[in-house]
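Asks: Sharing a structure here in structure tokens format.
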Amino acid sequence: MLLRGFLRILRWIALVILILTAVVLLTVWFLRWRGLILFSHEPNPAQWEVFGVDVSSYQGMVDWPVLAEQGVDFAFIKATEGSQLQDRQFSQNWAGALQAGVRPGAYHFLSYDSPGDTQADNFISMVPLTDGMLPPVVDIEFYGDYLEHPPEKAHVQSILDPLLAKLESHYGRKPILYVTYRSYYSYLTGSKYASYPIWCSSPTIFPLLPRWDFWQYSHSARLEGYQGAQPLIDLNIFRGSRAEFDAFGLS
């Protein structure tokens, strides 16, 4: 009797495991079918209409027509960092993307060690007002000692707020905020930044944020068309149709 009861329990356990496995597989299939799971090596995913990359001097010399031929519609290009650093490839990348028909956007890596006003001045000095450009991006993440000892929320916002205000005043559109989960939930929750577009880093799995506009789904892809110290390139999609993308950030 005990053995028979034990075997019955094992059968029930096996059935539950089978059902749970089927649910997981169906969920993964559904998310994959909807483009909410994207593999790190796949460029220009068919489930999304608008595909892009982000680059810096680490990609070296970029052949923009070759990238465009691989389906690249837009590119976020590093321009500046903090109050003084400027990416040495920015101007060439900006001009090259425009000539190849790739819609460009410029990004600024936020420093926690200098005032927001002077960081905005650095960016403005590098990035020209250009017809059709994407809104400026402020990249909010952790680096150096701040990985282990993140700055206080009040300190970050005291730098971020004047930076955003000056960029919006100059370019006439709200900047995009590039975030990781950690930076978003550390500094940007609540209504204060609710009107800013969000570009979220979330490898493979779609961003689990209340809202987002761009998804950086890969940090480890390889494409043709660049030669630099970094052989890998980041991949992104826009959350919307091509018509919505064409109108994004223009008003």
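All of the numbers you see were taken from the coordinates with simple rules; none came from a lab. Owing to the predicted nature of the structure, the values given are computational and were not obtained by experimental measurement. So basically every Cβ, Gly included, is an ideal-geometry build from the backbone, and we count neighbours across all protein chains shown.
Asks: For Ile176, what residues show an amide H to amide H distance below 5 Å, using hydrogens built from the backbone and excluding near sequence neighbours?
Replies: Distant-sequence amide H within range of Ile176: Val137, Val138.
Asks: How far is it, in nm, from the label point at Phe142 to the one at Leu232 when both lie 7 Å from their Cα along the line to the Cβ?
Replies: That separation, rounded to one decimal, is 1.9 nm.
Asks: Using every Cα-Cα pair within the stretch 144-216, state what percent have a distance larger than 14 Å.
Replies: Across the stretch 144-216, Cα pairs with separations above 14 Å total 64 percent.
Asks: Follow-up question, since we're still on this one. Provide the per-residue ³J(HN,Hα) series for the stretch 216-230, in order, calculated from phi with Karplus coefficients 6.51, -1.76, 1.60 and θ = phi - 60°, each as a whole number of Hz, with x at glycine and proline positions.
Replies: 8, 9, 8, 10, 9, 8, 10, 10, 7, x, 7, 9, x, 5, 9
Asks: For the pair Glu69/Leu209, report the inter-label distance in nm, with labels modelled 7 Å from Cα in the Cβ direction.
Replies: 3.4
Asks: Return the sequence-ordered ³J(HN,Hα) values of the stretch 22-31 in whole Hz as given by the Karplus equation 6.51 cos²θ - 1.76 cosθ + 1.60 applied to θ = phi - 60°, using x for Gly and Pro.
Replies: Each residue of the stretch 22-31 in turn: 5, 4, 4, 5, 5, 5, 4, 4, 5, 5 Hz.
Asks: Counting only the backbone N, which residues of the stretch 167-198 are under 19 Å from the spot 7 Å out from the Cα of Asp161 toward its beta-carbon?
Replies: 167-170, 174-177, 184-197
Asks: Using the beta-carbon distance between Ala247 and Ser195 and R0 = 22 Å, what value does 1/(1 + (r/R0)^6) give for FRET efficiency, to the nearest 0.05?
Replies: Working: r = 17 Å, r/R0 = 0.76.
For R0 = 22 Å, the calculated efficiency reads 0.85.
Asks: Return the calculated 222 nm mean residue ellipticity for the chain, to the nearest 500 deg cm²/dmol, obtained by summing -39500 (n - 2.57) across DSSP H runs with n ≥ 4 and dividing by the residue count.
Replies: Details: 7 runs with 92 residues, N = 251.
Mean residue ellipticity, 222 nm, calculated: -11500 deg cm²/dmol.
Asks: What GluC sites (Glu not before Pro) does the stretch 107-172 have in DSSP loop regions with at most 16 other beta carbons within 10 Å? Intermediate values should be presented prior to the final figure.
Replies: Working: sites: Glu141, Glu148, Glu152, Glu168; in loops: Glu141, Glu148, Glu152.
Filter output for the stretch 107-172: Glu141, Glu148, Glu152.
Asks: Report the full-extension gain for the segment Val28 to Tyr58: residue separation times 0.36 nm, less the Cα-Cα distance, to one decimal in nm.
Replies: Details: separation 30, 0.36 × 30 = 10.80 nm, distance 3.40 nm.
Length gained, Val28 through Tyr58: 7.4 nm.
Asks: Just flag the trypsin sites (Lys or Arg not before Pro) in the stretch 11-70 sitting in loop per DSSP whose Cβ has no more than 14 other Cβ atoms within 10 Å.
Replies: On the way: sites: Arg11, Arg32, Arg34; in loops: Arg34.
Filter output for the stretch 11-70: Arg34.
Asks: What fraction, in whole percent, of alpha-carbon pairs in the chain exceed 25 Å separation? Spell out each step's value before the answer.
Replies: Details: 14938 of 31375 pairs.
Percent of Cα pairs beyond 25 Å in the chain: 48.
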